[in-house]
1. Hey, S192 hits all of (1) surrounded by fewer than 23 Cβ atoms within 10 Å (Cβ to Cβ); (2) more than 14 Å from the chain's Cα centre (by Cα); (3) over 22 Å from C73 (Cα atoms) but one; which does it fall short on?
2. Applying the selection to the stretch 61-73, what residues are of a type in the set (G, A, S), touching a Gly at 6+ places or on another chain (Cβ under 7 Å) and either over 15 Å from G215 (Cα atoms) or open to solvent by 20 Å² or more (accessible area, probe 1.4 Å) (or both)?
3. Please determine, by comparing only the residues of the stretch 11-60 that are part of a helix (DSSP H, G or I) and among the basic types (K, R), which one is surrounded by the fewest Cβ atoms within 10 Å (Cβ to Cβ).
4. From (1) in contact with a Gly (Cβ under 6 Å, 6 or more places away or on another chain); (2) more than 17 Å from A142 (Cβ to Cβ), pick out the condition that doesn't hold for V186.
5. Of all residues in the stretch 96-129, which are under 14 Å from L75 (Cα atoms) and open to solvent by 50 Å² or more (accessible area, probe 1.4 Å)?
6. Which of the residues spanning the stretch 178-202 are touching a residue at least 60 places away in the same chain (Cβ under 8 Å) and in contact with a strand residue (DSSP E or B) (Cβ under 7 Å, 6 or more places away or on another chain)?
7. Just checking, does the stretch 69-89 include any residue being part of a helix (DSSP H, G or I), farther than 30 Å from E25 by Cα and of a type in the set (V, I, T)?
8. Quick one: would you say V205 is surrounded by 24 or more Cβ atoms within 10 Å (Cβ to Cβ) and out of contact with any helix residue (DSSP H, G or I) (no Cβ under 6 Å at 6 or more places or on another chain)?
Amino acid sequence: MTDMRQMTALGRGIEDKSFAIIDAEVGAHDFPDAEWQVVRRVIHATADFEFRTLMRLSSDAIASGVRALRAGCPLVVDVKMIAVGLNEQRLASYGCQVHSFISDEDVIATAKANNSTRAIESMRKAHANGVLDGAIVAIGNAPTALLEVLRLVREEGARPALVIGVPVGFVSAAESKDALIASEGVPFIAASGRKGGSPIAVAIVHALLLLSAQGEGTS
């Protein structure tokens, strides 16, 4: 699949008009073109222009994410809402599979036994099953999942291709994203502060899919 825009002419027209409105209202900005494709799709998904100032991308985020998609990487998500929102046909065109372990019975049982969270244990299971390395990890809900991924990178040698850290909330959400932004050697896309959510994680992945179809990050 080489065209990952809206499938109908009417849908494309509406989407194009929406992006034109965003571009006009934002005006001049400092994002390189590929990064702006990500940021404006987040704005498109939320109708919240504050994300222009909240989004943070490591210098290698776009290239790493696009290469991973084109190689058919796993996508590890913290909640099923992200999995439901992702376009299965677009991911299947690269051979990518989505993994969500948060509702698995063994994850729930382990979280209870360890006085942990399902989000933490789901990331541990992803690492134990060998699907974190080379993966795009998309976290839109659970700060504990993001903090655990960073621990797995730091202490157990996990090597995700890209971490999308946009958990929403009031307890550890901003802190977990600050930790991601400050991390070394982890390509990331994050939204600083309390704002975030699963729809934003979905929007970022879809932006990367579009960039991959346009040939970004392949050189």
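The values are calculated or read from the model by the stated rules, or taken from the named source; none is laboratory data. From a predicted model like this one, the values you see are computed outputs, not experimental measurements. Positions of Cβ are generated from backbone atoms using ideal geometry, with glycine treated the same way; all protein chains shown enter the neighbour counts. SASA here: full protein model, heavy atoms, side chains in, ligands and nucleic acids out. Shrake-Rupley method; radii C 1.70, N 1.55, O 1.52, S 1.80 Å.
1. (2)
2. A63, G72
3. Applying the first criterion (part of a helix (DSSP H, G or I)) to the stretch 11-60 yields 11-26, 33-46, 51-54.
In the following step, the residues that additionally are among the basic types (K, R) were identified as 12, 17, 40-41, 52.
Values: R12: 13, K17: 10, R40: 23, R41: 24, R52: 19.
Step by step, filter the stretch 11-60, then rank; the result is K17.
4. In the conditions (1) in contact with a Gly (Cβ under 6 Å, 6 or more places away or on another chain); (2) more than 17 Å from A142 (Cβ to Cβ), V186 misses (1) alone.
5. Correct list: Q97, V98, N129.
6. I181, V186, P187, F188, I189, A190, A191, S192, I200, A201, listed by residue number.
7. yes
8. On the way: surrounded by 24 or more Cβ atoms within 10 Å (Cβ to Cβ): yes; out of contact with any helix residue (DSSP H, G or I) (no Cβ under 6 Å at 6 or more places or on another chain): yes.
For V205, the condition - surrounded by 24 or more Cβ atoms within 10 Å (Cβ to Cβ) and out of contact with any helix residue (DSSP H, G or I) (no Cβ under 6 Å at 6 or more places or on another chain) - is met.
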